[in-house]
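Below: the structure, in structure tokens.
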Amino acid sequence: MRVAIVGAGAAGMMCAATILENNPETELFLLEKNDSLGKKVIISGGGRCNVTTGVEDIKIALSKYPRGKKFLISALHRFSPAAVRAWFEEHGIPLKCEKDLRVFPVSDDGKDIVNVFTKIFVHSGVQVLTKHNVKSITRQGKEFFVMCQNQPPLTVDRVVLALGGQAYRHTGSTGDGYTLAESLGHHITELAPSLHSFITKEKWPRALSGVSFIKANISADCPKPNTFTGAFLFTHTGISGPAVFALSSLTAFQNFGPAKPLAIFIDFVPEITMDRFIITLQQLLQANPKKSFKNILQHFVPLSLSEIICQEVGIPIEKKNAEITRQEVQKTGEWVKHLPLHAVARGAGDEFVTAGGVELSQVDPRTMESKLCPGLYLAGEILNVDGFTGGFNLQASWATGRVAGESIAQTRV
Ligand SMILES: Cc1cc2nc3c(=O)[nH]c(=O)nc-3n(C[C@H](O)[C@H](O)[C@H](O)COP(=O)(O)OP(=O)(O)OC[C@H]3O[C@@H](n4cnc5c(N)ncnc54)[C@H](O)[C@@H]3O)c2cc1C
């Protein structure tokens, strides 16, 4: 059996390794348009590669996928986060699980993850064809003809589309997979960036660029009110960080812009209620009548933010605590626990994944084979599956790549 896997990213590499494990007789071609494998895997997790999640309960893990959770049930049971960890460790890469349940190689080097595959492929008969830019795929009878730029056509019995989405296009994932899947009869759902920063109408975040918070609550005024707790930071154009990425994931298909901004609210002290905040602030004011208000606010937020809050609430920054009115305390509470911001745009090109993709009803979730085009398999981000940050996107790619590989290895021509 001759199999062409198009795209040597997370899903394609795992699919190839799985076919080799299960059916080493397969004549396997791994086609990649870059000159090397797994470019995006290497830069993922800031170069450390957050390879999967430490969340072992599959139900909880599935809840981290705003799109595709039902489709992934079978794949995540077959190749769970724990199984992914075991697989890499068995292949010589020790992993560590951090406090926030993100799993990384102990070396903190994404290249080690890709090297696992490079080693597997070197000692196998797989033909790794880099600099092979697949331009079209046609099917005649039971055979597929894979056409690459400036290369002779390849005739195979099975094809796997693992070309990724269209985020971070310089890594090679430029959306070609959608065109190829469409040409073979599939529907591509609406596409949108996900896991990105927001640009705010307010300009003051620029003055706080780089100021980060370990834990804040972020909510948005969208059809389903959504709140996320997690790390967060101000940037030179707005806001970013894991809690913001989660919000971006749920608002991926929401229309907003300068004329219709998305209202976002931040609670910097989520562990206490508004009433408790007001009482605590009043107690601090009474205990420190001669101190300036902005210094007292530092009990709750960094000095740079307390200055902005004073400015926005209209309190002179050196105003003494004894002179602060009840109304000013109340207004401050609203800013610390419900700080309003208005997103006018998504961070341009900084999204981690593409939401949307190949319509899931057209793919068998137990095999990853197309229901419309027998012999064609799809795996990874090309599918209408995307998750939150924390290793869930790579997990989906490993798992769907694994399932596609196991299914192909079981078939005969
Ligand atoms: C900056 C960044 C950081 C990330 N960090 C994490 C993280 O830490 N943890 C996590 O879980 N997820 C992370 N993600 C998301 C995760 O990397 C992706 O979801 C995952 O890599 C998708 O895997 P894939 O195999 O489907 O596609 P990709 O990894 O994108 O691979 C697709 C491959 O197909 C090739 N290709 C495309 N078109 C063609 C063509 N026409 N011919 C031949 N080859 C082609 C591409 O060159 C590419 O190598 C991150 C994403 C980004 C952008």
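The values are calculated or read from the model by the stated rules, or taken from the named source; none is laboratory data. Bear in mind that the values here come from a model prediction, so they are computed numbers and not experimental data. Cβ atoms come from the backbone with ideal geometry, glycine included; neighbour counts cover every protein chain shown.
For the reader, a short list of remarks on this structure follows.
- Residues that are assigned to a helix (DSSP H, G or I) and either within 12 Å of the ligand (Cβ to nearest atom) or closer than 17 Å to Val159 by Cβ (or both), drawn from region 357-401: Gln362, Phe392, Asn393, Leu394, Gln395, Ala396, Ser397, Trp398, Ala399, Thr400, Gly401
- Output for region 152-193, where each listed residue is buried (at least 19 other Cβ atoms within 10 Å of the Cβ), in contact with a Leu (Cβ under 9 Å, 6 or more places away or on another chain) and not hydrophobic (A, V, I, L, M, F, W, C): Arg158, Gly165, Gln166, Gly172, Ser173, Asp176, Gly177, Tyr178, His186
- Restricting attention to region 101-119 and to residues that are in contact with a Leu (Cβ under 7 Å, 6 or more places away or on another chain) and part of a strand (DSSP E or B), the residue that is farthest from the ligand (Cβ to nearest atom) turns out to be Pro105.
- Residue list for region 302-319, restricted to those being without any contact (Cβ under 8 Å) to a residue 12 or more places away in the chain and assigned to a helix (DSSP H, G or I): Leu303
- When Thr367, Thr400 are screened for being hydroxyl-bearing (Ser, Thr, Tyr) and either without any contact (Cβ under 8 Å) to a residue 12 or more places away in the chain or surrounded by fewer than 24 Cβ atoms within 10 Å (Cβ to Cβ) (or both), only Thr367 passes.
- Condition check for Val329: farther than 15 Å from Val160 by Cβ, over 31 Å from the mean Cα position of the chain (by Cα) and among the β-branched types (Val, Ile, Thr): yes
- Of the residues making up region 88-100, those that are surrounded by fewer than 16 Cβ atoms within 10 Å (Cβ to Cβ) and in a loop (DSSP other than H, G, I, E, B) are His91, Gly92, Pro94, Glu98, Lys99, Asp100.
- Some residue of region 328-335 being in contact (Cβ under 8 Å) with a residue 60 or more places away in the chain and hydroxyl-bearing (Ser, Thr, Tyr): no
- Check on Ala83, under 24 Å from Ile408 (Cβ atoms), without any contact (Cβ under 8 Å) to a residue 12 or more places away in the chain and more than 20 Å from the chain's Cα centre (by Cα): yes
- Unmet criterion (only one of (1) more than 16 Å from the ligand (Cβ to nearest atom); (2) part of a loop (DSSP other than H, G, I, E, B)) for Val329: (2)
- Answer from Ile218, Ile214 - the residue that is in the same structural domain as Gly257 (by TED's automatic domain parsing) and crowded, with 21+ Cβ neighbours inside 10 Å: Ile218
- Residue tally, condition among the polar types (S, T, N, Q) and within 21 Å of Arg67 (Cα to Cα), over region 193-212: 2
- The helices (runs of 4 or more DSSP H) found wholly in region 242-301 and carrying at least 2 residues that are loosely packed, with under 15 Cβ neighbours inside 10 Å and assigned by TED's automatic domain parsing to the domain that holds Phe228 occupy 274-287.
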